[in-house]
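A quick write-up on the structure given underneath.
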Amino acid sequence: MLHFLKPEAYAPWLAPYAYAIVILGFTFFLFRVFENWFAAHFDKPLFRHYFVFKKLSNSQLTILKNEFAFYGKLSEKHKKQFQHRVAQFISEKKFVGRSDLIITEQMKVLIAAVGCMLSFGRKNYSYSLIDFILIYPAEFFSTVNKNYHKGEFNPREKALVLSWKDFEQGFAISNDNLNVGIHEFMHAMQLEAKRSRDLDSIRFTKQFQNILKQLTRQEVKDQLDKTEYFRTYAFTNQYEFMAVLAEYFFESPEDFKHIFPKIYSYTKKLLNFNFANY
């Protein structure tokens, strides 16, 4: 007699657990539906942060306080969140010095801070397409296009490459709209938005299209010609335009807002940037 084919006896004590699993699954489904609706309706994620925050070391926090002006403009709540993101970035990415450059805490903190500033309004902020931060002392020769660069994002190698000299110069003058760190991190964000379908990427794509539509309007074209506000390099292609736009957004927000209010508004929505009076 094949006893092992006999069905197991009904176990009523399992029923509450089964019901709980079904209810939790359905609740999670409803939450995701609501989260998607919220993001589509308000152009921002429902939640951005976790309940447990990483902390920077005392020396790292001192660098952030003394050398990164954006941090000082944040509320105490946002400062805590920003510290967490910078600490997370530093722990996840591998910093590599090139041409005998020695990596310092200052380099790690400031580069991480620029990336986290740009992605501060995003829910997925960790730059999944970047694993390595390669730092040269100055301009470097790029094997990608056989030319000298101040910065470069290489998606194939998952690397953000920077000239430390030019990165520092981006901080030396805070309102010249030239910041190689912001520029290259924006390229990484653009490609991530193009490849992904998460809420941040959907919002990015939507607002980017709104910006491009603005550029087709005759009055905007006339204003661009009249003011010559954006530097010529911005018009190389749409990706360079967005990277330059990010530099202007952070370095001269008041001028940007005054001269091109619609484009500024779409850029702010694209980044979900409701911090530090931007």
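What FRET efficiency comes out for residue 76 versus residue 262 if R0 is 45 angstrom and r is the Cβ-Cβ distance? Round to the nearest 0.05. Write out the running numbers ahead of the final one.
Numbers: r = 33 Å, r/R0 = 0.73.
So the FRET efficiency works out to roughly 0.85.
Between residue 228 and residue 158, how high is the FRET efficiency from 1/(1 + (r/R0)^6) when r is the Cβ-Cβ distance and R₀ = 51 Å? Nearest 0.05. Don't skip to the answer; put the middle values down first.
Working: r = 37 Å, r/R0 = 0.72.
With a Förster radius of 51 Å, E is 0.90.
Can you pull the Kirkwood radius for segment 61-100, inverse mean 1/r over Cα pairs, to one decimal in Å?
Numbers: mean 1/r = 0.0869 Å⁻¹.
Hydrodynamic radius (Kirkwood, Cα only) of segment 61-100 equals 11.5 Å.
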Pull up the DSSP beta bridges for segment 58-271 and report the antiparallel fraction as a percent, rounded to 5. 45
Ranking request for peptides 60-66, 236-242: highest mean number of other beta-carbon atoms within 10 Å first, then the rest in descending order. 60-66, 236-242
Treating cross-link reach as a plain straight distance, find the aspartates and glutamates whose alpha-carbon is under 16 Å from the alpha-carbon of residue 55, omitting any fewer than eight places away in the same chain. 76, 92, 105
Could you check the spin-label model distance between residue 212 and residue 196? Points 7 Å from the Cα along Cα→Cβ, value in nm. 2.0
FRET efficiency (residue 237, residue 139; Cβ distance; R0 22 Å; to 0.05) is 0.50
Rank these for me by crowding, 167, 153, 95, going from fewest to most other beta carbons within 10 Å. 95, 167, 153
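Using the structure shown, list the pairs from 65/268; 79/269; 54/194 with a Cα-Cα distance above 27 Å, or answer none. Let's see the in-between values first.
On the way: 65/268 24 Å; 79/269 21 Å; 54/194 29 Å.
Table pairs above 27 Å Cα-Cα are 54/194.
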Just check segment 163-270 against the gyration tensor rule for me: Cα atoms, a ≥ b ≥ c as the square roots of the eigenvalues, rounded for a/c under 1.5, and otherwise prolate or oblate depending on whether a/b exceeds b/c. oblate
Apply the a/c threshold of 1.5 to the C-alpha gyration tensor of segment 145-192 and tell me whether it is rounded, prolate or oblate. oblate
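Each reported figure results from applying straightforward, stated rules to the coordinates on display, with no laboratory input. Here the structure is a predicted model, which is why all the values come from computation and not from measurement. So basically every Cβ, Gly included, is an ideal-geometry build from the backbone, and we count neighbours across all protein chains shown.
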